[in-house]
Every structure is written in C-alpha cells, then in structure tokens.
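The values are calculated or read from the model by the stated rules, or taken from the named source; none is laboratory data. Bear in mind the structure is a predicted one, so any value in this text is a computation, not a measurement. Counting neighbours? That spans all protein chains shown, and the Cβs are built from the backbone with ideal geometry, glycine included.
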Amino acid sequence: MKRLILTFLGTLTLTVLLHAQSYQGRIEAENRQVLTESAARPTVVATKRVPRGEFHLWYGHLTGGSWASDENWYPDETQRLYFSHINEAGDRDVCWSVLEEGGLWRVPEAVSADAVSPGDECFPMLSPDGKRLYFCSDGLFGMGGYDIYVAAWDPDRKTWGKVRNMGVPFNSKEDDLLFCDTPDGRYSIFASNRDCGADSVVIYVLKQEVPVFSRVSPEEAERLSRLAVTVPDDGYPFRKLTPGRIPSMPFETPVEKTDESFKVGGEGSFAAVNRLPSGLVYQIQMFVSSGKPTIRQLKGVSPVYVHKQRSGKMLSAAGLFRTYAEAEQALSQVKKVFPTAFVIAFEDGSPLSVSKARKKESSVKVITEEVHIVK
C-alpha cells in the first residue's frame, strides 16, 4: 500500500509539472502569435558579434564611463535618474528618481505600473529627445526570453505612459536587449542572440526611422526577424567603452507601502511589495508556472504575489487575508477565472497547512475574547 501511495504521488507530481510546463509554453506561443501578426521592416546597415557579458560596452556612441555593470545609472538633463534596481525578491525593476531641492533624490519607484513583473526589467535607455524610454524584460507580455519595450512620456501628467512591446522584428523568441537611438538621429541600435550562441550577441545597427507596422504571414515574420544587412553603412563607431562606477547619490528614506486591496476584474497586477507580512495570513493559490508569470496570466486578479518554489517553479497567489472566512469569500470570486484555485496559508512568511492555520486563528480569537471579558 505504501509503495502504491508513493507511486501515485510521484505520478501526480509529474502530471502537475508537465501541466505547468504546457501552460507556460501555451502562453508564450499565444504571445508570439499575437505579436507576429504585424511587423516593421527596418533598414539594417551594420552588425557586430560581441561577447554577451560585455556587449553593452560596444555601443560606441555612448561616452566612456556611462555604465556601471549592467545596472545603468543614467541621469538625464531634466534631473531624472533611470536605473535597473534589484528588489527584495531578487528581481530587477526599471526605476526612476527625481532630484529634489536640497540635493536629495526622491525614493526610487517603477517607471510605470505595467512595467513591473515577477521577472527582470533592465537596460533603461532614453531617446535623445527624452520622450521615449526603452527597456527590456523577461516577465512582461512577450515572445520569449527578453523582449524590448517602450513607454512614452506624458508631459501633462509628468509620468511615463503605457508600456508597449516593440514587436517583430525587434523582438524574437530569443533574448533581445538594450534598444537606443543615437543623438545624431542616424541610427537605432539593439542586441540579440537570435542568430548566435548563448555566449555572445549580435549588435544590429538600423537606419533610424519611425517603424511602420503592417500585417504579415508567419513565414514573412520569421524572415524579417533574421535582420540581414540590406544597406551597408560603416558610419557607426563600434568601439569598446570603459565601464564606469555607480555614483554616490543620497536618496530620501523610503516609506514602505503594501497594497493589500483585493479585486477581480479589469487589469490584474502584482503586489507592490512581493513579501508577506508577519503573522498568520491566507492567500488564494491560482496556478504554478514553469517560468515567471505575466500580467496577462493573472486574468484580472490583483494583487498577486509570486512565491518561488524549491523546484524552481513559480506559485502565483492572490490577496492577503487575516481570516479564513475572508479568504473563502475571495476564493469564490477567483474561481470564476481560475476554477481550480484554493486557499493556502502562511505564518511569518512560511507555508502552513490551512487546518493548522484555522486552529491557530481560533485560538487567537478565544484569547482575545477572554481578555475582553476580564476587562
């Protein structure tokens, strides 16, 4: 009997794992289908293959010392600072800050709510006119690997607008990185490992122009993604730069904020702080994925916390509830979009069985009532 149970559990674990992999693969395939329905046709003027670990140093139009590793501290003339920051969950976010009176920089925050994912966002670069911000991510709606995204500056609201995937051929199912425009208005540049091994990338130099997208067949999208040189031009100054240092910049003291409001509907979102509070809390487990989930996978649920499992899988769970009754009420809403969802529990950030959590919750209530009676 024991062997039979172990065999069943092993089969169940494998089934769940394969289902998660299949689900993640289906999401990526759906993303690629949507993003390859239209494509631009940029003019490629030059390419250069360089080692992956130092590719960002080969953008010759930048000045030496512009880079500090791949974090890219990038202050601009409007006294706004852009950089890729490692958050408490160990992922990178593209953040920005503004220089306040007195010489302090404002507490860094994400450039846009829809530029936040459980994945990594990195390599922020401003357009020369300051109206567009480019960055790459492996956690947002994309084709696979890192994709390149762009956001437009809203001068009225003084903030960055909706983030847009740049699509084909700037993005592919491989890693596409570090898009920027040259100040002289001649070139746009980005890097990709779509046509080389994992240890290197190819830097593509394009004639700078506003991309025009049109509908294409899957075969045409695949052909355009190869980005062959069509108009050779040796005017771009390929040269290896010297890395810089992260400058010493005083920031204001941050005030921690945790959004615990729960909702189902509209556009889903990840928790502002992907960390559970102390004490006993319940959540609604929605799904487990083999890779980092995207906004699209949340199906309008927010806030969603992502817990990395020992197996490397990502568990997506919604809300923070201090009582089982609250969690059970929320579960009925989540089941409308995730029929297999169920309640899970944590104590001081560590998983706890729901039965034990409910017993602890009842004990706390009894003690509270007794103290109230004594008073």
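Tabulated results
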quantity	calculated
Filter result for VAL163 (assigned to a strand (DSSP E or B), in contact with a strand residue (DSSP E or B) (Cβ under 6 Å, 6 or more places away or on another chain) and surrounded by fewer than 21 Cβ atoms within 10 Å (Cβ to Cβ))	no
Positions within segment 319-337 being in contact with a Leu (Cβ under 8 Å, 6 or more places away or on another chain) and crowded, with 20+ Cβ neighbours inside 10 Å, in sequence order	LEU320
Pick from segment 283-301, criterion small (Gly, Ala, Ser) and outside any strand (DSSP E or B), ranking: modelled with the lowest pLDDT	GLY291
Counted residues, segment 319-337 - those being closer than 11 Å to VAL264 by Cα and assigned to a loop (DSSP other than H, G, I, E, B)	3
SER278, sole failed condition from (1) over 16 Å from ASP91 (Cα atoms); (2) assigned to a loop (DSSP other than H, G, I, E, B); (3) without any contact (Cβ under 8 Å) to a residue 60 or more places away in the chain	(3)
Output for segment 186-234, where each listed residue is of a type in the set (Gly, Ala, Ser), part of a loop (DSSP other than H, G, I, E, B) and surrounded by 11 or more Cβ atoms within 10 Å (Cβ to Cβ)	SER217, SER225
Residue match in segment 260-272 (condition: of a type in the set (S, T, N, Q), modelled with pLDDT of 80 or more, part of a loop (DSSP other than H, G, I, E, B) and within 27 Å of ALA357 (Cα to Cα))	yes
Segment 123-140, residues that are surrounded by 14 or more Cβ atoms within 10 Å (Cβ to Cβ) and of a type in the set (Lys, Arg)	ARG132
Residue match in segment 302-318 (condition: modelled with pLDDT of 90 or more, closer than 15 Å to ALA271 by Cα and in a loop (DSSP other than H, G, I, E, B))	yes
Restricting segment 235-248 to residues that are among the hydroxyl-bearing types (Ser, Thr, Tyr) and touching a residue at least 40 places away in the same chain (Cβ under 8 Å), the residue that is surrounded by the fewest Cβ atoms within 10 Å (Cβ to Cβ)	THR242
Residue in segment 119-137 that is of a type in the set (Gly, Ala, Ser), at pLDDT below 85 and not in a strand (DSSP E or B) present	no
Residue check for SER84: of a type in the set (Gly, Ala, Ser), within 20 Å of SER188 (Cα to Cα) and out of contact with any Ser or Thr (no Cβ under 9 Å at 6 or more places or on another chain)	no
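Condition check ((1) at pLDDT below 95; (2) of a type in the set (Gly, Ala, Ser)) across all residues:
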residue: ILE189; (1), (2): no, no
residue: SER192; (1), (2): no, yes
residue: ALA198; (1), (2): yes, yes
residue: TYR204; (1), (2): no, no
residue: PRO211; (1), (2): yes, no
residue: VAL216; (1), (2): yes, no
residue: ALA221; (1), (2): yes, yes
residue: LEU224; (1), (2): yes, no
residue: LEU227; (1), (2): yes, no
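Each row is one residue, and each column tells you yes or no for (1) touching a helix residue (DSSP H, G or I) at 6+ places or on another chain (Cβ under 9 Å); (2) surrounded by fewer than 22 Cβ atoms within 10 Å (Cβ to Cβ); (3) small (Gly, Ala, Ser).
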| position | (1), (2), (3) |
| --- | --- |
| CYS95 | no, yes, no |
| GLU101 | no, yes, no |
| PRO108 | no, yes, no |
| GLU121 | yes, no, no |
| GLY142 | yes, no, yes |
| ALA152 | no, yes, yes |
